[in-house]
Amino acid sequence: MMLRWVSAGFGLVLLGLLILGAVTTSAQQTPPQPQQASPQQQAAKPANIDRNGVLMLIRSTLLALDQANKTGNYTVLRDLGAPGFQVNTAARLAEIFAKQRGDKLDLSGVAVIDPQLSLLPQIEPNGLLHMAGFFPSVPSQVNFELLFAPVEGQWRVFGVSLSVGQSAPVAPPAPEAAPGKAVVSQKQASPPKPSGSSKQPTPSATQ
């Protein structure tokens, strides 16, 4: 599966996610020409990484993005990235994630919520570690798609894609009882008792 990238977003959205911000290599670089390869070489293969390693990569990346969005300083996020990611300046990252920053998207919940993976970690033919999934929450969930490049024996972020969607249908609020009906039910629940000293018939006995 080939990946197509441009400087400000994904050329192809692999999982159909609505991209609010994405970071990739520069579009000015000449893309490598496709080479003939066997089907085994073209297919992605499962990544040899345990669950703890996956959680660390996902959480550290999204929390770094969350801090950058909240402070408006994307220098640390850029420095954590692979060389292909660092082609984007901190100012350029601020432009890319401007909508998330303006919407005050809060990603702090990823520190305590376990993600659900829709794409298990796999190594793409170009050597990138690729994974995708979502963090369920109420009333919205955070969908993510991440790419990591190997740099000096470590996986460093190469691409980020986020979208926010509703995790479950929200029930409408229960309708309030009309004031008139509440009064009637109260009178019916506590009917007046007849007085023993009165000679007049009670309203309930009147024909």
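The values are calculated or read from the model by the stated rules, or taken from the named source; none is laboratory data. Every value quoted in this text rests on a predicted model; they were computed, and no experiment measured them. Cβ atoms come from the backbone with ideal geometry, glycine included; neighbour counts cover every protein chain shown. For accessibility, only protein heavy atoms count, side chains too; no ligands or nucleic acids. Shrake-Rupley method; radii C 1.70, N 1.55, O 1.52, S 1.80 Å.
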- Item | Tally, over the range 136-151, of residues that are at pLDDT below 95 and open to solvent by 60 Å² or more (accessible area, probe 1.4 Å) | 2
- Given the conditions (1) free of Cβ contacts under 8 Å to residues at least 40 places away in the same chain; (2) open to solvent by less than 50 Å² (accessible area, probe 1.4 Å); (3) out of contact with any helix residue (DSSP H, G or I) (no Cβ under 8 Å at 6 or more places or on another chain), every one holds for GLY102 apart from (2)
- For the range 114-129, pairs from a residue that is without any contact (Cβ under 8 Å) to a residue 40 or more places away in the chain to a residue that is in a loop (DSSP other than H, G, I, E, B), with Cβ under 9 Å and 6 or more apart or across chains, are GLN116/PRO136
- Subset of the range 123-135 [closer than 14 Å to GLY159 by Cβ and open to solvent by less than 60 Å² (accessible area, probe 1.4 Å)]: GLU124, GLY127, LEU128, LEU129, HIS130, MET131, ALA132
- The one condition in (1) of a type in the set (A, V, I, L, M); (2) at pLDDT 50 or above; (3) open to solvent by 60 Å² or more (accessible area, probe 1.4 Å) that ALA43 fails to fulfil: (3)
- Message: Condition first: touching a helix residue (DSSP H, G or I) at 6+ places or on another chain (Cβ under 8 Å), of a type in the set (Lys, Arg) and over 17 Å from ILE58 (Cβ atoms). Can you find one or more residues in the range 80-99 that meet it?
- Response: no
- Message: Please list, ordered by residue number, the helices (runs of 4 or more DSSP H) wholly in the range 35-146 having 1 or more residues that are among the acidic types (Asp, Glu) and within 19 Å of the chain's Cα centre (by Cα).
- Response: 51-71
